[in-house]
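Visitor: So that we are looking at the same thing, I have put the structure below in structure tokens.
The values are calculated or read from the model by the stated rules, or taken from the named source; none is laboratory data. In this text the structure is predicted, and so the values were computed from the model without any measurement. Here Cβ is always computed from backbone atoms with ideal geometry, including for glycine, and neighbour counts include all displayed protein chains. SASA here: full protein model, heavy atoms, side chains in, ligands and nucleic acids out. Shrake-Rupley method; radii C 1.70, N 1.55, O 1.52, S 1.80 Å.
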Amino acid sequence: VCGLHTRGKTYLARATNIVSHTGGRFRPGGRLARSAPPLTETQVHSLRPLPGAQTLPPGSRFGLLVTEDDCSLETLEPGRVPVAVMGATSTSSRSPLPVGTPARDFAMRAVADGTERVATHFGIPAQSVSGENWHTALVAWSRSCGLDAIVTAYAPVGPVAEQIARARQELSAHGVELTEVRRSYDECTWPYATRGYFRLKSRIPELLGRLGLIGAGKQGRQATG
């Protein structure tokens, strides 16, 4: 397993885990690396504060934008019913190398499924961006639907965040606001997700209480016990 989440740290695969989690189908005894040099990169990514939560302008006529970063916008809590929904992918921007067909197909199907669920949930029309030139397609979509704003899930970094940044500038020039909304769950948990999992783990009981889920958690433990 490799990754750059924790600088200088490596995770060696264990044969016992592979046997356990594949139901005994794979037994790589004696064939796994015993050591591995940590991966490094030249760029240092400094921490930056979580930006303030954006809110939808009151009375605005808005549409929802489903991306491959978040395909469950029916749970986004926009506060009002949207006018329409659009799905868009940014798969080709994941790598400087060509992105494989299976990855493209998976992302397209996931976004199409999410877009359909939003349309069914709110009873609104849906369409998809053909290609990955979002800003042009979103401007045209906002005009055809008479939108004042487009709402999507907050994307911290990556291809979706870069597409949103470009689209926001173009939409603003046409009088349309692009708003990134975070769920109350994200608002509670993300401030503690700055240094691996364990800092967040220690806050779970407190967070469950703040989200009103502590009662459900206790009942679940009693039921399974």
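Visitor: I'm checking my understanding of the structure. Among residues of region 163-202 that are of a type in the set (Lys, Arg) and touching a residue at least 12 places away in the same chain (Cβ under 8 Å), which one is farthest from Ser142 (Cα to Cα)? Steps first, please.
Guide: Applying the first criterion (of a type in the set (Lys, Arg)) to region 163-202 yields 166, 168, 182-183, 195, 199, 201.
After this cut, where a residue has to be touching a residue at least 12 places away in the same chain (Cβ under 8 Å) as well, the list is 166, 182-183.
Values: Arg166: 16, Arg182: 22, Arg183: 24 Å.
So the residue we want is Arg183.
Visitor: Within region 16-31, is even one residue in a loop (DSSP other than H, G, I, E, B) and in contact with a Pro (Cβ under 7 Å, 6 or more places away or on another chain)?
Guide: Of region 16-31, the ones in a loop (DSSP other than H, G, I, E, B) are 22-31.
Cutting the leftovers down to in contact with a Pro (Cβ under 7 Å, 6 or more places away or on another chain) gives us none.
No, region 16-31 has no match at all.
Visitor: If you don't mind, there's one more thing I want to ask. Which of the residues belonging to region 78-104 are small (Gly, Ala, Ser) and either open to solvent by 20 Å² or more (accessible area, probe 1.4 Å) or part of a helix (DSSP H, G or I) (or both)? Show your work before the answer.
Guide: Taking region 78-104 and keeping what is small (Gly, Ala, Ser), we get 79, 84, 87-88, 90, 92-93, 95, 100, 103.
Correct list: Gly79, Ser92, Ser93, Ser95, Gly100, Ala103.
Visitor: Still on this model: Can we say Val66 is β-branched (Val, Ile, Thr), part of a loop (DSSP other than H, G, I, E, B) and closer than 22 Å to Pro156 by Cβ? Full working, then the answer.
Guide: On the way: β-branched (Val, Ile, Thr): yes; part of a loop (DSSP other than H, G, I, E, B): no; closer than 22 Å to Pro156 by Cβ: yes.
The answer is no for Val66.
Visitor: Does region 54-62 contain at least one residue that is aliphatic (A, V, I, L, M), assigned to a loop (DSSP other than H, G, I, E, B) and open to solvent by less than 70 Å² (accessible area, probe 1.4 Å)?
Guide: Initially, region 54-62 is screened for residues aliphatic (A, V, I, L, M), giving 56.
Okay, now just the ones that are also assigned to a loop (DSSP other than H, G, I, E, B), so 56.
Next cut, open to solvent by less than 70 Å² (accessible area, probe 1.4 Å) only: 56.
The answer is yes, given that some residue of region 54-62 is aliphatic (A, V, I, L, M), assigned to a loop (DSSP other than H, G, I, E, B) and open to solvent by less than 70 Å² (accessible area, probe 1.4 Å).
Visitor: In region 199-209, is there at least one residue being under 30 Å from Arg61 (Cα atoms) and open to solvent by 70 Å² or more (accessible area, probe 1.4 Å)?
Guide: no
Visitor: If you don't mind, another one. Select, from Ala107, Ala140, the only residue that is part of a helix (DSSP H, G or I), loosely packed, with under 14 Cβ neighbours inside 10 Å and among the small types (Gly, Ala, Ser).
Guide: On the way: Ala107 fails: loosely packed, with under 14 Cβ neighbours inside 10 Å.
One residue alone meets the criteria, Ala140.
Visitor: Now, a different point. Any idea how many residues of region 143-196 are of a type in the set (S, T, N, Q) and open to solvent by 40 Å² or more (accessible area, probe 1.4 Å)? Even if it seems obvious, please write down each step before you answer.
Guide: Our first condition is that a residue be of a type in the set (S, T, N, Q); within region 143-196, this holds for 144, 152, 163, 169, 172, 179, 184, 189, 194.
Narrowing further to those that are open to solvent by 40 Å² or more (accessible area, probe 1.4 Å): 144, 169, 172, 184, 194.
Residues that pass the stated criteria total 5.
Visitor: Would you mind stating whether Glu187 is under 21 Å from the mean Cα position of the chain (by Cα), under 27 Å from Leu64 (Cα atoms) and acidic (Asp, Glu)?
Guide: On the way: under 21 Å from the mean Cα position of the chain (by Cα): yes; under 27 Å from Leu64 (Cα atoms): yes; acidic (Asp, Glu): yes.
Yes: the conditions hold for Glu187.
Visitor: Let me ask you something else. Is it true that Ile124 is touching a residue at least 40 places away in the same chain (Cβ under 8 Å), surrounded by fewer than 18 Cβ atoms within 10 Å (Cβ to Cβ) and not in a helix (DSSP H, G or I)?
Guide: Here the answer is yes, as Ile124 does meet what is asked.
Visitor: Also: May I ask you to list the residues in region 4-34 that are at pLDDT 85 or above, closer than 30 Å to Thr194 by Cβ, open to solvent by 60 Å² or more (accessible area, probe 1.4 Å) and not basic (Lys, Arg)? So that I can check it myself, show each step before the final result.
Guide: Step one: of region 4-34, the residues at pLDDT 85 or above are 13-28, 30-34.
In the following step, the residues that additionally are closer than 30 Å to Thr194 by Cβ were identified as 13-14, 17, 21.
From what is left, the residues that are open to solvent by 60 Å² or more (accessible area, probe 1.4 Å) are 14, 17, 21.
Within region 4-34, Asn17, His21 meet the criteria.
Visitor: Still on this structure, please answer the following. Could you tell me how many of the residues in region 167-181 are part of a strand (DSSP E or B) and of a type in the set (Ser, Thr, Tyr)? If you could, list the steps in order and put the result at the bottom.
Guide: Just the residues of region 167-181 that are part of a strand (DSSP E or B), to begin with: 177-181.
Then keep just the ones that are of a type in the set (Ser, Thr, Tyr); that gives 179.
Number satisfying all stated conditions: 1.
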